[in-house]
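The values are calculated or read from the model by the stated rules, or taken from the named source; none is laboratory data. Keep in mind that what you see is a predicted model, and the values were worked out from it rather than measured. Cβ placement follows ideal geometry from the backbone for every residue including glycine, while neighbour counts extend to all protein chains displayed.
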Protein chains: 2
Amino acid sequence: MTTWLDRIDPDIPPADGPAKAAASAHLDQLTKPPGSLGGLETIAIRLAGIRGRPVTDIERPVVIVFAADHGVAARGVSAYPPEVTAQMVANFVAGGAAINVLARAAGAGLVVVDIGVAGTAGDQGPATGSASGARLVRARVAPGTRDLSVGPAMTRDEALAAIGAGREAVLSQIAEGADLVAVGEMGIGNTTSASAIVAALTGVPVAAVTGRGTGVDDPAFERKVALIEAALAMHRLDPRDPIGVLAAVGGLEIGGLVGAILGAAASRIPVVLDGFITGAAALLATGLASNLPDRLIAAHRSVEPGHAIVLDRLGLTPILELDLRLGEGSGAALAIPIIRAAARICGEMATFEQAAVSGPA
Amino acid sequence: MTTWLDRIDPDIPPADGPAKAAASAHLDQLTKPPGSLGGLETIAIRLAGIRGRPVTDIERPVVIVFAADHGVAARGVSAYPPEVTAQMVANFVAGGAAINVLARAAGAGLVVVDIGVAGTAGDQGPATGSASGARLVRARVAPGTRDLSVGPAMTRDEALAAIGAGREAVLSQIAEGADLVAVGEMGIGNTTSASAIVAALTGVPVAAVTGRGTGVDDPAFERKVALIEAALAMHRLDPRDPIGVLAAVGGLEIGGLVGAILGAAASRIPVVLDGFITGAAALLATGLASNLPDRLIAAHRSVEPGHAIVLDRLGLTPILELDLRLGEGSGAALAIPIIRAAARICGEMATFEQAAVSGPA
């Protein structure tokens, strides 16, 4: 079978060194002590490396949220019932969810991709959305995954289709002018899937990469860890085969995220990761393309214990640490104003010469 | 002498408990797992406690930057020459400084108060400002302080006048509708002054509260520490007398910050602190009014080593940790979009009932 993976170059070039050097040199000409804007300067230099030129503004940021259901949710691994996935997609479209508020506050567009929601009301017609809500893209690969605790969550073809759909969704946004892509997800049960992926890829014990998700109690948490351990023992996954790991224990929205991350990175558009689940997707994606982490920006570090491990493996320092654990792209949206501020520092500040300010004595 | 301190009630009431409880209860009705927005929810609850009602937006934030010169700057304690203070005020008015970029990006107004700049070009006429730059308020108490290493930086009357000018400046902004006040400063030499204040108030050794400021080298850093130690030995300050400490080793802009912080807090307007110098001012202000820290929001933790000590004494957790060390209110401005997002979460999200989303299983 020929897949989109055969059609794109998995060798993403490394960050553009001369562009980073140019941004760094410009920052040192601006009316402030060199390096005094700390992490903002780091972001500005990173943006230049990604885009291949100093970046002076973020004009059309977009948040893309992939939503899908998980067969394993029937096993009581979440504090919420599975129907919440579809209900929250409706909430996104109506404009009432946290990510709606945070994307609006950040001046970002919001797109929700139904890549595998079970039992959404309504047909599979064209994209919709309310004025204040998210635009809904219908790209359902399957009505949710199968239960990863009894067999593979997806076939390899389904996993590849999800990656392809995610890539198409992000390329469509980039074609419309998006100059920064923040990624998020919605899927009851998906921290179970993400913990299984991260344990499979890193070899870190399941208990160390598993958290409370939406807020399960102690007995449910212990069941969640035991279920993931048993599933990994059953699936016998090869960490060098990201597609196999994704198919066995992943989710359709995680596949969508993998495709979106790869598609944006190959297009030299900065990708802002949200929390643990988008991080797990990024870790899968690093197995499919070279130099990927250089193209990523970590918005925050969540309270999910596996997230710190993922960020460490990706070599990323998060911008925010606000003890978030919502998902939806909420942390990624919150980081957009800071990333935009970093770009505008490059674009709008006066140099010492322009402002006639004296340099160091 | 009768001062403004005799005319206002220094007993600021504690945070409004019922308003905080109402905000917290509302947050738990919204379509997200309870507490899953972490630090954002903490900010929303804090805003409610300050304003006495749940806060649903930040509509007119303002950044107020106090600028003044320091006699001690002649001693080589800064990497930059003293004339940079006036040059940077001109840069603020022209719109080319970091704080201009960051205030604009945050949708905040920007006011610069010349409370003691030496040798600014131009007269002491009415307030001015360009369309894209800061509004300049002329409230000069003196053309800079005297050298704190040879005698008191100010008289008590000058210190009180600076506090009064700061209070007037902030009350004027609140009268015009400001619903959040972020404070910043500009003054070559003022980390020396702030380190002396914090050492005097806390008893922490000078070397532990002194940093590199704008970026001095090792020999200059050692001179800075020795100079502050010698000055404190000479002045023999009483930590229970904040006005005495401010007069002896403070700065006019630090006095202005004390007044601005007290004025906004007494008006129930949230005060967003920037870095080490605004923190030192807040620490002075806590000696002049009860319950003050409840009214404050710490924007970030800077790389100045004394800042963490100040935040600990104030009992404040910073929103950001971006290794900033610029001042000007830059970190405070960067935090505004996050504070606004916290308010809008309270104001714009749908409840479980409104969105017909199922609660925990």
Can you tell me which residue among B:Asp9, B:Asp16, B:Asp57, B:Asp69 is charged (D, E, K, R), modelled with pLDDT of 95 or more and within 24 Å of B:Glu168 (Cα to Cα)?
-> B:Asp69
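Within region B:171-215, track down each residue that is in contact with a strand residue (DSSP E or B) (Cβ under 6 Å, 6 or more places away or on another chain) and among the hydrophobic types (A, V, I, L, M, F, W, C).
Answer for region B:171-215, where residues must be in contact with a strand residue (DSSP E or B) (Cβ under 6 Å, 6 or more places away or on another chain) and among the hydrophobic types (A, V, I, L, M, F, W, C): B:Ala178, B:Leu180, B:Val181, B:Ala182, B:Val183, B:Met186.
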Find the residue count for region B:229-263, including only residues that are part of a helix (DSSP H, G or I) and surrounded by fewer than 22 Cβ atoms within 10 Å (Cβ to Cβ).
-> 8
Within region B:118-128, is there a residue that is more than 19 Å from B:Gly184 (Cβ to Cβ), more than 11 Å from every other protein chain (Cβ to nearest Cβ) and modelled with pLDDT of 95 or more?
-> yes
Report yes if B:Ala79 is assigned by TED's automatic domain parsing to the domain that holds B:Ala226, modelled with pLDDT of 95 or more and either in a loop (DSSP other than H, G, I, E, B) or not basic (Lys, Arg) (or both), otherwise no.
-> no
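Here is a yes/no grid of residues against (1) buried (at least 21 other Cβ atoms within 10 Å of the Cβ); (2) more than 9 Å from chain A (Cβ to nearest Cβ):
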residue	(1), (2)
B:Thr56	no, yes
B:Val62	yes, yes
B:Val77	yes, yes
B:Asn100	yes, no
B:Val112	yes, yes
In region A:270-296, what residues are surrounded by fewer than 24 Cβ atoms within 10 Å (Cβ to Cβ) and farther than 15 Å from A:Gly259 by Cα?
-> A:Asn291, A:Asp294
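Per-residue answers, yes or no, for (1) within 27 Å of A:Ile163 (Cα to Cα); (2) in contact with a strand residue (DSSP E or B) (Cβ under 9 Å, 6 or more places away or on another chain):
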residue: A:Ala15; (1), (2): yes, no
residue: A:Ala22; (1), (2): no, no
residue: A:Ala25; (1), (2): no, no
residue: A:Asp28; (1), (2): no, no
residue: A:Leu47; (1), (2): yes, yes
residue: A:Ile50; (1), (2): yes, yes
residue: A:Arg53; (1), (2): no, no
residue: A:Thr56; (1), (2): no, no
residue: A:Arg60; (1), (2): yes, yes
Those residues that are of a type in the set (A, V, I, L, M), within 19 Å of B:Ala355 (Cα to Cα) and at pLDDT 95 or above, I need them from region A:129-151; list them, please.
-> A:Ala134, A:Leu136
If you scan region B:88-108, which residues turn out to be in contact (Cβ under 8 Å) with a residue 60 or more places away in the chain and over 26 Å from A:Gly107 (Cβ atoms)?
-> B:Met88, B:Val89
Hey, B:Gln29 hits all of (1) out of contact with any Gly (no Cβ under 6 Å at 6 or more places or on another chain); (2) buried (at least 16 other Cβ atoms within 10 Å of the Cβ) but one; which does it fall short on?
-> (2)
Region B:264-321, subset farther than 25 Å from B:Arg167 by Cβ and charged (D, E, K, R), residue farthest from the other protein chains (Cβ to nearest Cβ) = B:Asp312
Does A:Gly39 meet the test of being modelled with pLDDT of 95 or more, at positive phi, within 12 Å of another protein chain (Cβ to nearest Cβ) and surrounded by fewer than 20 Cβ atoms within 10 Å (Cβ to Cβ)?
-> no
Filtering region A:322-361 down to residues that are hydrophobic (A, V, I, L, M, F, W, C), facing another protein chain (nearest Cβ under 7 Å), assigned to a helix (DSSP H, G or I) and within 21 Å of A:Ile45 (Cβ to Cβ) yields A:Ile338, A:Ala341, A:Ile345
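I'd like to check something: does region B:296-309 contain any residue that is assigned to a loop (DSSP other than H, G, I, E, B), closer than 30 Å to A:Met88 by Cβ, modelled with pLDDT of 95 or more and out of contact with any Lys or Arg (no Cβ under 6 Å at 6 or more places or on another chain)?
So in region B:296-309, the residues assigned to a loop (DSSP other than H, G, I, E, B) come out as B:299, B:301-304.
With the extra rule that they be closer than 30 Å to A:Met88 by Cβ, the set shrinks to none.
No, region B:296-309 contains no residue that is assigned to a loop (DSSP other than H, G, I, E, B), closer than 30 Å to A:Met88 by Cβ, modelled with pLDDT of 95 or more and out of contact with any Lys or Arg (no Cβ under 6 Å at 6 or more places or on another chain).
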In region B:191-228, what count of residues is obtained for those that are part of a loop (DSSP other than H, G, I, E, B), free of Cβ contacts under 8 Å to residues at least 40 places away in the same chain and among the small types (Gly, Ala, Ser)?
-> 1
